[in-house]
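Following: one structure in C-alpha coordinates, then a few remarks.
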Amino acid sequence: RRIERETQITTVFVTHDQEEAMSISDQIVVMKEGVIQQVGRPQQVYDDPSTLFVAKFLGPPPINLFRGR
(Lines give C-alpha, C1' and ligand atoms only; values in the text may rest on other atoms or scores of the structure.)
Protein backbone atom coordinates (compact mmCIF):
# COMPACT_ATOMS: atom_id res chain seq x y z
CA ARG A 1 0.00 0.00 0.00
CA ARG A 2 2.92 2.33 0.74
CA ILE A 3 4.37 1.78 -2.73
CA GLU A 4 1.00 2.50 -4.34
CA ARG A 5 0.73 5.81 -2.48
CA GLU A 6 4.30 6.84 -3.26
CA THR A 7 4.01 6.06 -6.97
CA GLN A 8 0.40 7.30 -7.23
CA ILE A 9 -0.43 4.35 -9.45
CA THR A 10 -3.83 2.72 -9.15
CA THR A 11 -3.54 -0.98 -8.41
CA VAL A 12 -6.06 -3.75 -8.99
CA PHE A 13 -5.47 -6.59 -6.53
CA VAL A 14 -7.42 -9.83 -6.93
CA THR A 15 -7.75 -12.12 -3.92
CA HIS A 16 -10.10 -14.68 -2.43
CA ASP A 17 -8.94 -13.69 1.06
CA GLN A 18 -11.68 -11.44 2.39
CA GLU A 19 -9.66 -10.26 5.40
CA GLU A 20 -6.78 -9.22 3.17
CA ALA A 21 -9.09 -7.36 0.78
CA MET A 22 -10.83 -5.57 3.65
CA SER A 23 -7.56 -4.52 5.30
CA ILE A 24 -5.58 -3.15 2.34
CA SER A 25 -8.23 -1.75 -0.01
CA ASP A 26 -9.71 1.69 -0.50
CA GLN A 27 -12.53 0.14 -2.51
CA ILE A 28 -13.66 -3.46 -2.97
CA VAL A 29 -15.74 -5.26 -5.57
CA VAL A 30 -17.51 -8.43 -4.45
CA MET A 31 -18.24 -10.77 -7.34
CA LYS A 32 -20.10 -14.06 -7.66
CA GLU A 33 -19.66 -16.20 -10.76
CA GLY A 34 -18.27 -13.20 -12.65
CA VAL A 35 -21.17 -10.91 -11.75
CA ILE A 36 -20.60 -7.83 -9.59
CA GLN A 37 -22.64 -8.05 -6.40
CA GLN A 38 -21.48 -4.85 -4.66
CA VAL A 39 -18.87 -2.10 -4.98
CA GLY A 40 -17.83 0.25 -2.19
CA ARG A 41 -15.49 1.15 0.61
CA PRO A 42 -14.70 -1.94 2.71
CA GLN A 43 -16.43 -0.74 5.89
CA GLN A 44 -19.51 0.42 3.96
CA VAL A 45 -19.86 -2.95 2.20
CA TYR A 46 -19.36 -4.78 5.52
CA ASP A 47 -21.86 -2.59 7.37
CA ASP A 48 -24.50 -2.51 4.62
CA PRO A 49 -24.27 -5.59 2.37
CA SER A 50 -26.54 -5.37 -0.67
CA THR A 51 -27.27 -9.09 -0.93
CA LEU A 52 -27.36 -12.13 1.31
CA PHE A 53 -24.35 -13.49 -0.59
CA VAL A 54 -22.26 -10.40 0.26
CA ALA A 55 -23.39 -10.57 3.89
CA LYS A 56 -22.33 -14.23 4.19
CA PHE A 57 -19.12 -13.74 2.19
CA LEU A 58 -17.57 -10.96 4.27
CA GLY A 59 -16.27 -11.57 7.75
CA PRO A 60 -15.13 -12.53 10.31
CA PRO A 61 -17.12 -12.51 12.38
CA PRO A 62 -19.81 -14.22 10.33
CA ILE A 63 -23.10 -12.38 10.09
CA ASN A 64 -26.01 -13.57 12.22
CA LEU A 65 -28.96 -14.74 10.12
CA PHE A 66 -32.43 -15.69 11.27
CA ARG A 67 -35.81 -16.23 9.68
CA GLY A 68 -38.56 -13.77 10.44
CA ARG A 69 -42.00 -12.73 9.32
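The values are calculated or read from the model by the stated rules, or taken from the named source; none is laboratory data. For clarity, every value in this text was computed on a predicted model and none was experimentally measured. Cβ placement follows ideal geometry from the backbone for every residue including glycine, while neighbour counts extend to all protein chains displayed. Heavy atoms of the whole protein, side chains included, go into the accessibility calculation; ligands, DNA and RNA do not. Shrake-Rupley method; radii C 1.70, N 1.55, O 1.52, S 1.80 Å.
Some points to look at:
- Scanning region 55-69 for residues that are more than 16 Å from D17 (Cβ to Cβ) and touching a helix residue (DSSP H, G or I) at 6+ places or on another chain (Cβ under 7 Å) returns a single hit, I63.
- For first residues located in region 19-39 and of a type outside the set (A, V, I, L, M), partners that are open to solvent by 80 Å² or more (accessible area, probe 1.4 Å) and part of a strand (DSSP E or B) and lie 6+ apart or on another chain with Cβ distances below 7 Å form the pairs Q37/M31.
- Spans of helices (runs of 4 or more DSSP H) in the chain with at least 2 residues on the phi < 0 side of the Ramachandran plot, in contact with a strand residue (DSSP E or B) (Cβ under 8 Å, 6 or more places away or on another chain) and open to solvent by less than 100 Å² (accessible area, probe 1.4 Å): 18-24, 42-47, 52-57
- Selection within region 10-36: residues that are of a type outside the set (A, V, I, L, M) and touching a Phe, Trp or Tyr at 6+ places or on another chain (Cβ under 8 Å). The member of this set that is farthest from P61 (Cα to Cα) is K32.
- Cross-chain or 6+ apart pairs with Cβ under 6 Å, region 48-69 first and within 19 Å of T15 (Cα to Cα) and modelled with pLDDT of 85 or more, then in a loop (DSSP other than H, G, I, E, B) and open to solvent by 50 Å² or more (accessible area, probe 1.4 Å): A55/I63
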